[in-house]
Structure formats: C-alpha cells, structure tokens
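Step one of this worksheet: look at the structure below.
Every number in this text was worked out from the coordinates using simple rules, so none of it is lab data. As the structure is a prediction and not an experimental result, all values here were calculated from the model. Don't worry about glycine lacking a Cβ; one is built from the backbone with ideal geometry, like all the others, and counts go over all protein chains shown.
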Amino acid sequence: MKDILLFYLPGCPHCKLALRFQEELLAEHPEWKDISFKMVDEAKEAALADTYDYYYVPTYYVGGKKVHEGHAEKSDVEKVFRLAAEG
C-alpha cells in the first residue's frame, strides 16, 4: 500500500465534499482503513504546502505522485484509494 497525502482548506466546499466521499468510501471498503492517510491544512502548514506543485485544493498525492487536483467527484476519490491500495 502507498500513503495518501491530501492538501485541503477547511472552508473549501470542494474539500468538504471530497472528505464526505472519503468517509462514504471507507465505510463501503473496510479493507482501505489500513491505508496511511495524512491531511494537510495548507493554511496551517504553508511551508509544507509550498514544497508541492499544486494550485487548487483538494489535491491528492499517492506515494508522492499527484493523482488528483481540484473539484472531486466520488469516483475521483475512489480512484485515489484504489491507487493507494494497489501499492
């Protein structure tokens, strides 16, 4: 399995939607609960956020590679988790 890193902003409506999809998917796929997942509030951790190449939130990285940036549908978040699970 690979680690997931998510850059987000708490007030961002797209981020809130992505997090809701994430919760739904984890409930549907209990086998994904062991995936290492780190959420980074880019406002609080600006120095870390500046070391990554992205422009919009939410932005997902799997194993250090950017796999999704910006508005996310449930299928986009599912793709992120599938990539992480495949390792």
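Determine which member of the set K38, K33, K65, K74 is among the charged types (D, E, K, R), under 14 Å from D3 (Cα atoms) and in contact (Cβ under 8 Å) with a residue 12 or more places away in the chain. Going through K38, K33, K65, K74 in turn, the sole match is K38. Taking segment 45-66 as the range and being closer than 15 Å to C15 by Cα and touching a helix residue (DSSP H, G or I) at 6+ places or on another chain (Cβ under 6 Å) as the test, the residues that pass are V57, P58, Y60. The set of residues in segment 33-51 that are touching a Leu at 6+ places or on another chain (Cβ under 8 Å) and of a type outside the set (D, E) comprises K33, F37, K38, M39, V40, A43.
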